[in-house]
1. Are any residues in region 328-365 at pLDDT below 85 and surrounded by fewer than 15 Cβ atoms within 10 Å (Cβ to Cβ), and if so, which ones?
2. In the list 282, 300, which residue meets the criterion of being over 15 Å from residue 250 (Cα atoms), surrounded by fewer than 24 Cβ atoms within 10 Å (Cβ to Cβ), touching a residue at least 40 places away in the same chain (Cβ under 8 Å) and not basic (Lys, Arg)?
3. Can you tell me which of (1) at pLDDT below 90; (2) not β-branched (Val, Ile, Thr); (3) not in a helix (DSSP H, G or I) is the one residue 192 doesn't meet?
4. Considering only residues that are out of contact with any Ser or Thr (no Cβ under 6 Å at 6 or more places or on another chain), under 15 Å from residue 104 (Cα atoms) and part of a helix (DSSP H, G or I), which ones fall in region 274-298?
5. Need pairs with beta-carbon distance below 9 Å; first residue in contact (Cβ under 8 Å) with a residue 40 or more places away in the chain and assigned to a helix (DSSP H, G or I) and within region 224-244, second surrounded by fewer than 17 Cβ atoms within 10 Å (Cβ to Cβ) and charged (D, E, K, R); sequence gap 6+ or separate chains.
6. Taking the criterion of being more than 17 Å from residue 92 (Cβ to Cβ), crowded, with 19+ Cβ neighbours inside 10 Å and not aliphatic (A, V, I, L, M), would at least one residue in region 256-263 satisfy it?
7. Suppose the filter is within 24 Å of residue 315 (Cα to Cα), touching a residue at least 12 places away in the same chain (Cβ under 8 Å) and assigned to a helix (DSSP H, G or I); does residue 213 pass it?
8. Testing residue 149 on (1) at pLDDT 95 or above; (2) more than 30 Å from residue 341 (Cα to Cα); (3) in contact with a Ser or Thr (Cβ under 6 Å, 6 or more places away or on another chain); (4) surrounded by fewer than 24 Cβ atoms within 10 Å (Cβ to Cβ), one condition comes back false. Which one is that?
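The values are calculated or read from the model by the stated rules, or taken from the named source; none is laboratory data. Just so it is clear, the structure is predicted and the values come from calculations on it, not from any experiment. Note that each Cβ is placed from the backbone with ideal geometry, even for glycine, and that neighbours are counted across all protein chains shown.
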Amino acid sequence: MLLVARLISACPSSKNRTNSNNESNYPSGQIPATAPRNALVAVSLRAWVSDSEEQLPNTKQKGRSGNTAAFFFFLYKQLRERFVSIPAAFMGVVIIWSTTPLAIKWSSDGGGYLFAVFSRMLLGLLVCLMLIALLSRRIRWRRDALLTYLAGGLGIWGAMTCVYWGVQYIPSGLVSLLFGLSPVVTALMAASWLRERALTPFRLLGMLLGLVGLGVIFEHSSELGSHAAWGMGAVLLSVHIHSASAVLIKRIGSRMHPLETTTGSLLVAVPLFTLNWFLSDGRPPVSLPEHALWSILYLGVVGSVFGFILYYYVLHHVQASRVALITLMTPVIALFLGQWLNGELIEPRELLGAFVILCGLTLFEWGEQWQRLMAARNGDSMRG
């Protein structure tokens, strides 16, 4: 709630908008590509609250539940008057994803990785369903919505299962670093499925540097333990599953609120996590360490609910290959958190591999922009 409040308070009120930017000028589904960003978001928010406005009169005589509906309707009106900041949502995902690898590692202590991921996703689903009920939302069952839930749910199940298994054998900071390669995988998939531009000379060079950095890390993986190579392989498989899910959701193009996307995806994923746990063990742990319990609660509420909601919100508003830039920022933060809070030691060669990967990702995303900037400066100097 504090994060949502900050997002709202950072945005200007609709009272300061001009008539040309008013949401009433852009009917839903008829928004021109050149429309101002606040008008685009205003139309989306108007669609968000329409269902609750229709249902509000039915709740006015239901006592405490009516008061609850009226309170959330007031929040809806505030959201309708203001637009959500995409950069703030982007940074929220960065912060959550930076802390997630360490929390995943801690949550597996005592109960095993399958119980940890199952309990996290079940808790996240319960929170989402509670929010759906409190906010009078409806889960849509049309074809594009079902396809979105399927793509998101299978992505969550496959990617999280691989990550939770792999993090047992490698440092949490290395998990975040390997996930930093998702821009490369996402761009390749987006080029094929979304017709987005991906393979340029600078991007190819960035991919090559990423592969070199991976080679450096894999070559000395034995220093991290006998199963470290398998752990890194599982995380890399998770990257591919995660990227495929993101691009598929973008390709389906279902314009739904992120809470609906998250809830629907978890409705698909949770039964699969339940099946995994029951086939493996199915018995809850007798006791859990305190840090494992708090980690599961953090991941279930913040990671699985607010993290996915913000992620899907950004995914619906930003180019798919740009969304993956989140993972360019998280490895540095995650490496420091792993060393500071968990005593994880990264060998110099692993740091060298990490540095090469980050250089490759930087060149992959901004190499062409730097080239154009330098060409423009050289042109100006020659004219001067």
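1. Residues satisfying the conditions are 345, 347, 348, 349, 362.
2. The unique qualifying residue is 300.
3. Here residue 192 meets the rest and fails (3).
4. Selection gives 290, 291, 293, 294, 297, 298.
5. So the pair list comes out as 224/347.
6. yes
7. no
8. Failing condition for residue 149: (4).
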